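A.B. asks: A single structure is presented below for examination.
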Amino acid sequence: MELCTCRMCGFSFYKRIETNLCDDCAKKSEDMYDKIVRYLKEYPNSNALQISDYLNIPAYDVLTFLDNGQLERSHGVFEQIPDEPDFRLRGIPKNPD
């Protein structure tokens with residue numbers, strides 16, 4: 001059996017295989033991952049800070065899932081909003097001021 005130390009809580013424990021998370025933290029990590037995946041299905045072009053703010057999960061943890069290959073990068077297209085939108089295109093009358 002291997003003596004392991006949890007990287008999240010620092011708890012030392014024995015396991016048959018070497019791991020870096022205790023059972024409690026592994027469950028929390030799995031739940032966190034599931035929340036992120038559900039959020040990304042609804043908001044696919046979100047970045048780590050948006051995910052972190054909405055789900056109250058540290059951005060570091062979101063980036064760790066990304067670095068570990070559990071999440072993939074999206075190469076969405078972002079466009080700049082024009083300074084003066086053309087209101088006629090939206091059917092909204094422009095203010096005559």
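Just so it is clear, none of the values below were taken in a lab; they were calculated from the coordinates. All of these numbers come straight from a predicted model, not from anything done at the bench.
A.B. asks: Subtract the Cα-Cα distance of Asn56 and Ser74 from 0.36 nm times their separation in residues, and report this length gain in nm to one decimal.
C.D. replies: Result: 4.3 nm gained on full extension.
A.B. asks: How high is the relative contact order of the stretch 23-74, in percent, with contacts defined as C-alpha pairs under 8 Å that are six or more residues apart?
C.D. replies: Once normalised by length, the contact order is 26 percent.
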